[in-house]
Amino acid sequence: MALLDGRVVIVTGAGRGLGRAHALELARNGATVVVNDLNVGLQGQADDAELSPADEVVAEIEAMGGTAVTNGASVSDWGAMEALVNDTVERFGDLHAVVNNAGFLRDRMLTSMSEDDFDAVINVHLKGSFTVARHACAYWREQGKAGKPVSGRIVNTTSGAGLWGNVGQANYASAKAGIAMLTTIEALEMQRYDVTANCISPIAATRMLGSIGMEAGTEGWHRLDPENASPVVAWLCSAESGWLTGQLLRVDGNKLIKVDGYTLDAEYESKSGEMLTVDELSVGVRKLFGAFPKGLVIK
């Protein structure tokens, strides 16, 4: 029996890059895959290709003997994503996992970024990740309350920019940081219904990274190959992964790295034992960061 036999998975942004690799890997492991893709360019503009990338992915899955269907709705469309979840359940009898991967870039320096540049990226990356998971979670909660078995899985996608920041990506990095915390909330709220939520941070040469000069090799295995993260996604979508939730995993080539969240570091306490005052912060903050200018006397 394959790892994902009998499991139904929705993958967003599955026409190209990471999403395509995830959809194919899920199918290879036995999953029925719903390939969601809006078929847009790098900056969210319409793509006029005769055969959509999603249709091509479905054809590849069917050629290997798997089952897949396309969905061309925007992840930012609340009603369309509710319909996607409902239609998936009606067609295949259940839903076991959602993989939130859809997104595009509109990189600008902060002073050049327009309101639309910011809103459009947040709308797809962050709102889109929330919308798909929200409707899936409503279904799983309903199943759980009815006493039916639930084995729900949410796999979200963040990035290094969302964890450590990057110049020119205020919109993208903010969205990706939000997705990391969204994953934590989903894990906390849905654990009681046997639903897990985990987040991956893949290092991969997709169209987006290619646009800023990062390209994968053309032959053989490469550290930046989008396929490197897909076995991790497949495992996270399986029943076997049910013990792991609320985690952030970075995939770097053939390495899987556990990423910890915010941690408390050094501290400075008011000498009075009461609230901090502005008078002591000039010294207190320097103590906190170990930044002592020459000649400064620390009392």
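For this structure, a couple of remarks:
Yes or no, residue by residue, for (1) in contact with a Pro (Cβ under 9 Å, 6 or more places away or on another chain); (2) free of Cβ contacts under 8 Å to residues at least 24 places away in the same chain; (3) in a helix (DSSP H, G or I):
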{"site": "Ala14", "(1), (2), (3)": "yes, no, no"}
{"site": "Arg20", "(1), (2), (3)": "yes, no, yes"}
{"site": "Glu25", "(1), (2), (3)": "yes, no, yes"}
{"site": "Asp116", "(1), (2), (3)": "no, yes, yes"}
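- In the range 159-172, the residues that are part of a helix (DSSP H, G or I) reach residues that are crowded, with 24+ Cβ neighbours inside 10 Å and not aromatic (Phe, Trp, Tyr) with C-beta atoms within less than 6 angstrom, at least six apart or across chains, in these pairs: Ala161/Lys176; Gly162/Lys176; Asn171/Val121; Tyr172/Val121.
- Failed item in (1) modelled with pLDDT of 95 or more; (2) in contact with a strand residue (DSSP E or B) (Cβ under 9 Å, 6 or more places away or on another chain), with Asn86 passing the rest: (2)
- For the criterion of being surrounded by 13 or more Cβ atoms within 10 Å (Cβ to Cβ), in a loop (DSSP other than H, G, I, E, B) and not basic (Lys, Arg), Leu244 passes.
- Among the candidates Ala59, Ala120, Ala102, residue that is more than 20 Å from Ala173 (Cα to Cα), assigned by TED's automatic domain parsing to the domain that holds Gly242 and either at pLDDT 95 or above or among the aliphatic types (A, V, I, L, M) (or both): Ala59
- Taking the criterion of being polar (S, T, N, Q) and either surrounded by fewer than 17 Cβ atoms within 10 Å (Cβ to Cβ) or modelled with pLDDT under 95 (or both), the only residue of the range 62-83 that qualifies is Thr67.
- Complete set of residues in the range 153-167 that are touching a Phe, Trp or Tyr at 6+ places or on another chain (Cβ under 9 Å) and buried (at least 18 other Cβ atoms within 10 Å of the Cβ): Ser159, Ala161, Gly162
- Among the residues of the range 169-195, just one is touching an Asp or Glu at 6+ places or on another chain (Cβ under 9 Å) and within 20 Å of His96 (Cβ to Cβ), namely Val195.
The values are calculated or read from the model by the stated rules, or taken from the named source; none is laboratory data. These figures come from a predicted structure and were not determined experimentally. Positions of Cβ are backbone-derived with ideal geometry, glycine not excepted, and every protein chain shown enters the neighbour counts.
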